[in-house]
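**Q** Before I ask anything, here is the structure I am working with.
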Amino acid sequence: MFYRDERLALFIDGSNLYAAAKALGYDIDYKLLRQEFVRRGKLLRAFYYTALLENEEYSPIRPLVDWLQYNGFSMVTKPAKEFTDSQGRRKVKGNMDIELTVDALETAEHVDHIVLFSGDGDFRPLVAALQRKGVRVSVCSTVRSQPPMIADDLRRQADNFIELDELRDAIGRPPREVPPAQQAEIAAG
């Protein structure tokens with residue numbers, strides 16, 4: 001539930017929202033997402049959190065980060081850490097939970113309602129702390145994927161749960177098509 005006169009802030013866990021939308025079979029149109037929440041209240045800030053591989057010449061997420069930065073989102077990034085696991089596989093780690101938590105707690109005194117785009121159960125204590133400060137918290141993720149992308153205890157803690165699949169018409173666009181030449185390469189194996 002939203003009230004037109006309430007001050008809103010969005011906190012988007014970039015990798016978590018991407019994974020949830022992908023599991024539902026659509027891409028997020030961030031311009032539409034921002035417009036949707038401007039309609040719902042007085043949007044003061046829209047934060048987007050992601051880790052970036054800085055040693056790569058081209059990062060597939062860089063164009064999105066640049067676009068968001070130029071279009072009203074407050075970008076919070078940090079270098080991702082790259083390592084090799086015990087089986088010799090290349091892994092990337094870039095957890096943004098602490099940055100998101102600190103920013104949300106600092107923002108709490110300036111807003112009435114925070115919308116958290118993440119299903120990560122690690123955020124349950126943050127939601128409880130925000131509620132103790134008098135801030136209403138909505139969590140946006142999905143239970144319609146297999147497995148569900150939201151931790152049950154986070155969903156129970158939130159004042160409101162927003163099913164990401166129900167926002168598809170308002171904020172979604174179909175996933176990008178793979179060009180036929182690339183499909184042939186994939187099929188050839």
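The values are calculated or read from the model by the stated rules, or taken from the named source; none is laboratory data. Computed from a prediction, not measured in an experiment: that's the story for all the values here. Cβ atoms come from the backbone with ideal geometry, glycine included; neighbour counts cover every protein chain shown. Side chains included, ligands, DNA and RNA excluded: accessible areas come from the protein's heavy atoms. Shrake-Rupley method; radii C 1.70, N 1.55, O 1.52, S 1.80 Å.
**Q** What pairs come up if the first residue lies in the stretch 63-91 and is on the phi > 0 side of the Ramachandran plot and at pLDDT 90 or above, the second is of a type in the set (Val, Ile, Thr) and surrounded by fewer than 13 Cβ atoms within 10 Å (Cβ to Cβ), and their beta carbons are under 9 Å apart, counting only those six or more places apart or on different chains?
**A** none
**Q** Continuing with the same structure: Applying the selection to the stretch 114-141, what residues are open to solvent by 20 Å² or more (accessible area, probe 1.4 Å) and within 16 Å of the chain's Cα centre (by Cα)?
**A** Those that are open to solvent by 20 Å² or more (accessible area, probe 1.4 Å) and within 16 Å of the chain's Cα centre (by Cα): Asp120, Gly121, Asp122, Arg124.
**Q** So, one more: Would the stretch 146-158 turn up any residue that is closer than 23 Å to Glu36 by Cα, among the small types (Gly, Ala, Ser) and open to solvent by less than 10 Å² (accessible area, probe 1.4 Å)?
**A** There is no residue in the stretch 146-158 that is closer than 23 Å to Glu36 by Cα, among the small types (Gly, Ala, Ser) and open to solvent by less than 10 Å² (accessible area, probe 1.4 Å).
**Q** Which of the residues belonging to the stretch 77-104 are touching a Leu at 6+ places or on another chain (Cβ under 7 Å), more than 11 Å from Ala9 (Cα to Cα) and of a type in the set (A, V, I, L, M)? Reasoning before the result, please.
**A** Narrowing the stretch 77-104 to residues touching a Leu at 6+ places or on another chain (Cβ under 7 Å): 77, 79-80, 82, 92, 101, 104.
Next, only the ones that are more than 11 Å from Ala9 (Cα to Cα) stay: 77, 79-80, 82, 92, 101.
Those that are touching a Leu at 6+ places or on another chain (Cβ under 7 Å), more than 11 Å from Ala9 (Cα to Cα) and of a type in the set (A, V, I, L, M): Ala80, Val92.
**Q** Can you list the strands (runs of 3 or more DSSP E) found entirely within the stretch 1-113 that contain at least 2 residues being open to solvent by less than 30 Å² (accessible area, probe 1.4 Å)?
**A** Filter on the stretch 1-113 gives 7-13, 42-52.
**Q** Here is a follow-up. Take the conditions touching a residue at least 24 places away in the same chain (Cβ under 8 Å), touching a Gly at 6+ places or on another chain (Cβ under 8 Å) and of a type outside the set (Lys, Arg) and apply them to Thr142. Does it pass?
**A** yes
**Q** Please name all residue pairs, on different chains or six or more residues apart, with Cβ atoms under 8 Å, provided the first residue is in the stretch 1-12 and is of a type in the set (Ser, Thr, Tyr) and the second residue is open to solvent by 10 Å² or more (accessible area, probe 1.4 Å).
**A** Tyr3/Asp112
**Q** For Glu163, state whether it is more than 19 Å from Leu8 (Cβ to Cβ) and open to solvent by less than 70 Å² (accessible area, probe 1.4 Å). Before the answer, list the steps.
**A** Details: more than 19 Å from Leu8 (Cβ to Cβ): no; open to solvent by less than 70 Å² (accessible area, probe 1.4 Å): yes.
Against the criterion (more than 19 Å from Leu8 (Cβ to Cβ) and open to solvent by less than 70 Å² (accessible area, probe 1.4 Å)), Glu163 does not qualify.
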